[in-house]
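Structure first, then comments.
Any read-out appearing in this document is the output of simple, stated calculations on the displayed coordinates, not a laboratory observation. Remember, it's a predicted structure, so these values are computed and weren't measured experimentally. Glycine gets a Cβ as well: all are built from the backbone with ideal geometry, and neighbour counts include every protein chain shown.
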Amino acid sequence: MEIHVKVNDKPVTWNVSPGEKLLDVLRRDGYLSVKFGCGEGDCGACTVLVDGRAMRACLLLAGQVEGRAITTVEALGTPDAPHPLQTAFVECGAVQCGYCTPGMLLAAYALLRENPKPSEEDVREALDGNLCRCTGYKKIIEAVLLAAERMGRS
Amino acid sequence: MSPKRDFKVVGHSVPKVDGMALARGGALFCADLLPDGCLYARVLRSPHAHARIKSIDASEAEKMPGVHAVIHHGNLPRVMRTTAGQGAPEPSPYDFTTFDVKVRFVGDRVAAVAAESPELAEAAIAAIRVEYEQLEALFDPRRAKQPGVPVIHDEPDCKVVIPIPYEPGRNLASHVDMQVGDMEQAWGEADVVVDREYVTQYAQHTPIEPHVCLAEPLADGRLRITTSTQVTFHVRRIVAQALEWPVSRLHVVKPRIGGGFGAKQEVLIEDVAAFLALRSGRPVFFELDRSEEFLSRTRHPMIIRLKTGMKSDGSLTGVDMDVLSNTGAYGTHGLTVSCNCGSKVLPLYRWPRIKFQAESVYTNLPVGGAYRGYGATQAYFAMEVQMDEMACTIGMDPLDFRLKNHIRKGETSPVFKALGEGSEGVEQSIGSTGLAQCIKKGARAIGWKRKRGKPGKGPIKRGLGMCTLMQGSSIPEVDMGAASIKMNEDGSFNLLVGATDLGTGSDTVLGQVAAEVLGVGMDKIVVRSSDTDVTPFDVGAYASSTTYLSGEAVRKAALDVARQIKKVAADMLGVSHRDCELEGGAVVAGAGKSVSLAEIAMRSLYEKDQHQIAAHASHITHKSPPPFSAHFAEVEVDCETGLVKVRKYVAAVDCGTAINPRLAEGQTEGGVLNGISYALCEEYLFDEKGRMRNDSFRDYKIFSTRDLPELVTILVPTYEPTGPYGAKSVSEICINGPMPAISNAIFDAVGVRLRTAPFTPERVLAALDAKGAE
Ligand code: FES
Ligand code: FES
């Protein structure tokens, strides 16, 4: 069946079979920042934004996002002008292996859009479903708070 | 080397060289690199814990359109080997072949297919008919050596390739022992003898990227394997062994790795992808799903009996540690992990008499392997809980007890020589230790004197616990790392290292070492690591070796390049090379005389006496200098529910010079949280048939942001004379602390000792009940 969506502001048409997961379709279409970690909705590596809300691409069927706007990390900043979250992640040491990073960034991005001045508690809450085995999360939380502070200033 | 401290690049928290590319979601991981026409592999896994395969009928699967290869024991060569990604000859038994006629745990491999799509591969797997003869299974490691129990490796061709004890007929995968001094005397002299048993559980690394690889037949008849591995060069050697090929026909590449923690020090899936690629003539992609990842490799569960003696003034009289390690269905890393229980733990204190014995036994359960901490994690649980108990018995502050007894700079331990990697170890004395400082600084940060022994009123009690730790830095006289550096026109350098960055940041750390020597910024160092066609050899990322071992190889290569640069510069400036210094991207020779590296490179490449300024160096070590650490946990125990919460955790670490302090902190924080999660909730649950019941993140919980306590990392700098710029290791040590520190804190809070992990609410409640009943 045909699906019409916007990915990173670009209209695209996908030909998908009914059971296909959004995660697989996005990856097949070259949005490789969306990662497979469990395929069961438990790790957050596949987080994307659907109409601005952080969702698990492995739990959504492609058919469920007809007409929606999807955002992946590819759309967050440019090589010359990375998003403040990306800069903060790198500076704070929030990226170790980087496999959880795209999902973390999008979960954080969705948080900051709703709540530009989050407390540490808010950040913990927003990232709770995103697993990271490398960092111990501390530097990730620091990075989100730093980015929020910088974005608030500019 | 003199302990020069005014470093320009080393000791600074420069951002990771791959950090921004990763934060931009770059296509850098194995699964991002699939070529057109790629096939997907799936493996058929055993539903039985122990069975003989009577027959396999794959004819239906083979006939399915879109299925391009089916492999199983009937159509592949039988080549006994180990999956352990260790140096050759490996100290792990050769008890494994790609597909065997027997299956030895639920999830063991039976057959594999490659097909046009994952769904088709799944369907093909389902179409393979297997007839099993079920055998009695063995699940209890304590029973493994008893007569009459099932023999798990009864194949005649399993063997060891170095002279070490191996008795598969008794399910004994390894045995090691040592003794120094008379133990009767140890107990005779003691005023207090404590004799306890500690039990640790099955746990998994859970890298967020599972094991994944891609095998591609190349036009010239070679095979390229892109794989998420910690041991790129061992993959080449071991897959060549499986294929019965020369290594020259294999090209193994490591892309970015989504975490490994030891799970990927195993050559576990590459053989399957390689065989399928060769059979089909097509690229084959093989990625484990999450439930398969749980069945890949685990932390060896152990039963440790520990007997210790001391006099009433707290001086030690002797230690006897007896380790029973469950290696599961295969013996990979069995011996060396259990050796580490002794070699990384017993030297921490000045025991006048030492007895150590460790056996690993086969069972029909998932397979143990390398896991960050590597045996030291399990044994430190035993040792540090017992040290706490000993101190409490004589009314001594556990902190003072450690300060009194820990090994000092310049001292040695007989354990270093007695226990190696399946052979004798290497004698060494301690060249640097900041342990006393770690203890003092950590105690201050947690409020030790102020808060300890004050559980408070009400059902929620508070407690403080601590422990001390050491690890090693590389395997002395075994591990080798190498590096090459060449200079480019613009005064930049290619740094080629065999070392494997698995997310730890070693590309950055090694780049910093090169930049420091060459007097340039990180922007002038282009790092390429772990590509068997391109980079020199390295054993890979394990045994806490990369910074200490490979870092010194980089430093040596850079010094050689610096010497060559100075020679050209001296000629250009008309001075002696002895007066030349590299700094700020130039060679400076006293007042006003300088020439840029770019000018030097242009001259050497194009103008005069043309040559490539380049060097390579190898390094082996004769020591494995331990990093030291003191950990402190503050917990809350809810006496009504049994729930243990860590409020605050302090890790003070002496890793020598931290080449990149932020990365060293990150290693510590990640290790600590993994350790806390292991101590409190991570545990495999099995049904009576040996099947893992909780093989998903929903049922096997690992800590997430909400569970995170306040983490404090304190780096305590020392200078290790044998390491690059004074560095030792940092990656493994910190996972060892939480289990004992939390157990000790629980004791401080509620007066019960937890010696079986993890400390789930049920276990805590049971312990409280048992105490109440006393
Ligand atoms: S892959 Fe979607 S939540 Fe794990
Ligand atoms: S950085 Fe590796 S999983 Fe988060």
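Provide the net charge surrounding residue B:637, with neighbours chosen by a C-beta distance below 14 Å and charges set as Lys +1, Arg +1, Asp -1, Glu -1.
Combined, the nearby Lys, Arg, Asp and Glu give +2.
Considering amide H positions built from the backbone, and no H for Pro or chain starts, which residues 5 or more places from residue B:429, or on another chain, come under 5 Å of its amide H?
HN-HN under 5 Å from residue B:429: empty list.
What FRET efficiency comes out for residue B:394 versus residue B:427 if R0 is 41 angstrom and r is the Cβ-Cβ distance? Round to the nearest 0.05.
Step by step, r from the Cβ atoms, then E = 0.80.
What ranking, highest mean first, results for peptides B:123-133, B:475-485 when packing means the other Cβ atoms within 10 Å averaged over each residue?
Top to bottom by mean Cβ count within 10 Å: B:475-485, B:123-133.
Dipole size in debye (nearest 20) for segment B:209-262 around its Cα centre, Lys and Arg Cβ +1, Asp and Glu Cβ -1?
Using only the charged Cβ atoms, the result is roughly 140 debye.
For segment A:2-75, what is the relative contact order in percent, using Cα pairs closer than 8 Å and at least 6 residues apart in sequence?
40
Within a 10 angstrom radius of each residue's Cβ in A:76-84, how many Cβ atoms of other chains show up on average? Whole number is fine.
That works out to 2 on average.
For each pair in B:449/B:728; B:344/B:409; B:566/B:608; B:344/B:623, compute the distance between the two Cα atoms and list the pairs where it is over 19 Å.
Over 19 Å apart, Cα to Cα: B:449/B:728.
Trypsin sites (Lys or Arg not before Pro), restricted to segment B:354-460: which are DSSP loop and have at most 11 other Cβ atoms within 10 Å?
Sparse-neighbourhood loop trypsin sites (Lys or Arg not before Pro): B:408, B:457.
Please give, to one decimal in nm, the separation of the simple spin-label points placed at residue B:122 and residue B:247, each 7 Å out from Cα toward the Cβ.
Label-label distance for residue B:122 and residue B:247, simple model: 3.9 nm.
Report the FRET efficiency, 1/(1 + (r/R0)^6), for residue A:81 and residue B:596, where r is their Cβ-Cβ distance and R0 is 35 Å, rounded to 0.05.
Step by step, r from the Cβ atoms, then E = 0.70.
Counting each DSSP H run of 4 or more residues in chain B as -39500 (n - 2.57), what helix-only mean residue ellipticity at 222 nm follows after dividing by all residues, to the nearest 500 deg cm²/dmol?
Theoretical 222 nm ellipticity from helices: -7500 deg cm²/dmol.
Give B:8/B:440; B:63/B:264; A:21/B:254 a once-over and call out the pairs whose C-alpha atoms are over 32 Å from each other.
B:63/B:264
Quick one: Debye curve from the alpha-carbon atoms of chain B only, equal weights, vacuum; give me log10 I(q)/I(0) at q = 0.06, 0.08 Å⁻¹ to two decimals.
With one equal scatterer per Cα and no solvent, log10 I(q)/I(0) is -0.38, -0.67.
Provide the FRET efficiency to the nearest 0.05 for the residue B:489-residue B:699 pair, computing r from the beta carbons and using R0 = 60 Å.
0.60
Obtain the nm distance between the two label points defined at residue B:78 and residue B:222 by a simple spin-label model: each point lies 7 Å from its Cα along the Cα-to-C-beta direction.
3.3
In terms of modelled amide H atoms, which long-range or inter-chain residues lie less than 5 Å from the amide H of residue B:718?
B:655, B:656, B:657
Normalised by the residues of segment B:508-623, what does the relative contact order come to in percent, with Cα pairs under 8 Å and at least six apart?
Dividing the mean separation by the residue count of segment B:508-623 yields 27 percent.
So if I place +1 on the C-beta of Lys and Arg and -1 on the C-beta of Asp and Glu, and nothing else carries charge, what would the dipole magnitude of chain A be about its Cα centre? I want it in debye, nearest 20.
180
Counting only other chains, what is the mean number of Cβ atoms within 10 angstrom of the Cβ of each residue in peptide A:138-146?
Mean shielding count: 3.
How big is the convex hull of the Cα atoms of the protein assembly as shown, per residue, in Å³?
179
Per residue of segment B:230-235, what does 6.51 cos²θ - 1.76 cosθ + 1.60 with θ = phi - 60° give for ³J(HN,Hα)? Whole Hz please, x for Gly and Pro, Karplus curve as stated.
9, 9, 4, 6, 5, 4
Rounded to the nearest 20 Debye, what is the dipole magnitude of segment A:2-75 about its Cα centre when Lys and Arg each give +1 and Asp and Glu each give -1 at the C-beta?
The calculation lands at about 120 debye.
How far is it, in nm, from the label point at residue B:571 to the one at residue B:454 when both lie 7 Å from their Cα along the line to the Cβ?
Placing both labels 7 Å beyond Cα along the Cβ direction yields 7.3 nm.
Shielding of A:120-133 by partners, i.e. mean partner chain Cβ atoms within 10 Å per residue?
Shielding by partners across A:120-133 averages 4.
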